[in-house]
1. Could you pull out the trypsin sites (Lys or Arg not before Pro) across region 161-202 that fall in loop regions by DSSP (anything but H, G, I, E, B) with no more than 14 other Cβ atoms inside 10 Å?
2. Could you list, bin by bin from short to long, the percent of Cα-Cα pairs of region 261-394 in 10 Å steps?
3. Leaving out ligands, DNA and RNA but keeping every protein chain, what accessible area does Leu373 have, in Å² rounded to the nearest 10, with a 1.4 Å probe?
4. Using amide H atoms built 1.01 Å from N in the peptide plane, name the residues 5+ places from Gly312, or on other chains, whose amide H lies under 5 Å from its own.
5. How much net charge surrounds Gly78 when only the other residues with a Cβ under 11 Å from the Cβ of Gly78 are counted, with Lys and Arg +1 and Asp and Glu -1?
6. Taking H placed 1.01 Å from N in the peptide plane, check which residues at least 5 places from Ser276 or on another chain put their amide H under 5 Å from its amide H.
7. Which values of log₁₀ I(q)/I(0), to two decimal places, follow from the Debye formula for region 101-206 at q = 0.23 Å⁻¹ with a uniform point scatterer at every Cα?
8. Apply the Karplus curve 6.51 cos²θ - 1.76 cosθ + 1.60, θ = phi - 60°, to the phi angles in region 154-162 and return the couplings in whole Hz, x for Gly and Pro.
Amino acid sequence: MGHSMQVKVRANADAAEVRIFANPDVWLEASAVEQLHTTATLPHIRAAVGLPDLHPGRGYPVGAAFFSTGHFYPALVGGDIGCGMALWQTPLKTHQYSAQKLEKRIGSQEGALPEALQAGAYAELNGLLQQASLPIDASLLASSLGTIGGGNHFAEVLALDHLYEAANALQLSAKTLYLLVHSGSRGLGGAILRAHVDAFGHRGLAANSPAAAAYLQQHDLAQQFAHCNRHWIAQRFLHSLRSEGECLLDVSHNHVLAATYQGQSGYLHRKGATPSDQGIVMVPGSRGDYSYLVRPVAERQEALCSLAHGAGRKWARADCEGRLSAKFHASDLRTTRFASSVVCNDKALLFEEAPQAYKKVDSVVATLVDAGLVELIARFKPVLTYKKGAPTCC
């Protein structure tokens, strides 16, 4: 493993502290570093951290955390409020399920939830909707509940590849399959952000103001909906596999929370940054790479109690098909180096989410280990990755 690099910048007594965690093997795009430093100059920002999965976003970097005082910035959270990872352990035996058998059993996961799940799912959704007024129609939320969405979201069936800890408190087993779900609040978070930007632009909201209270109420509901959505995605997959499962973790990496840093009270924004103070977490690679289960080392405030949320993009989405189409047919990208299958009925998305478009997760995780931010628990490899299936028949 390489040595982690930490870059700390303080221009003057009033400037925000900026740190970047990345070892020499991690690809860091100059525009992402520039975005991090530019965002750190916003009023009220006191500290900024770039994790090894740092990459450019729409105006603000992804794979970053920011601490502010007196104000917080909804735009730093972005539109997918509550996006996160949930890991489920199943009793399904690895030797009984090939990628092809899983693909056939899972079928399409698009459209409305299976009838057997609808009563429980919609009852939970209705309970959430009583909590706040939202800038989105409830029927749209109901139709998207239990669906993955586009972009980098996925559900993936995994097999344990390597166990790093002799003491296995989680009773992880190479004999059974796991299900990893990465999704968020679907259209809800985007609607909340658009309403905020329409009213306030990209300005921060003063703490304890009516506008701040209104946003935080909607933000918290979006977080709950994202958690609910991941739960029902998992239940949907387990239902298709005629199985049950146990949720080992469910952690959000897009949010703003009240926090304390160096004795100051304020707000911690995470944009594609996994909390290190909420238990074990998963750091997934691309669909053609490993994923790591790690135990965070608590109270690492120099990293704003945050970790990489994945491998991080290396190429812009618009560049992927041009870079890859001369070397690969779409069909080539539906099988990985692990002989795992990729279910994706969207050719553009298939290229955009190709493994080549992402950083190597080993380098990202090595940075976290070398910086003393995590301890390794286990490494998993993909068996089947589900991005987008064929539209369901009417």
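1. Lys175
2. 12, 35, 28, 18, 6, 1
3. Answer for Leu373: close to 0 Å² accessible.
4. Answer set, sorted by chain and number: Lys359.
5. Overall, the nearby charge balance is +2.
6. Under 5 Å from the amide H of Ser276 lie the amide H atoms of Ser306, Leu307, each far enough along the sequence or on another chain.
7. -1.30
8. Using θ = phi - 60°, the values come out as 6, 10, 9, 8, 10, 10, 5, 9, 7 Hz.
The values are calculated or read from the model by the stated rules, or taken from the named source; none is laboratory data. Model, not experiment: these values are computed from the prediction. All Cβ positions, glycine included, derive from the backbone under ideal geometry; neighbour counts span all protein chains shown. Surface accessibility is based on the protein's heavy atoms, side chains included, excluding ligands, DNA and RNA. Shrake-Rupley method; radii C 1.70, N 1.55, O 1.52, S 1.80 Å.
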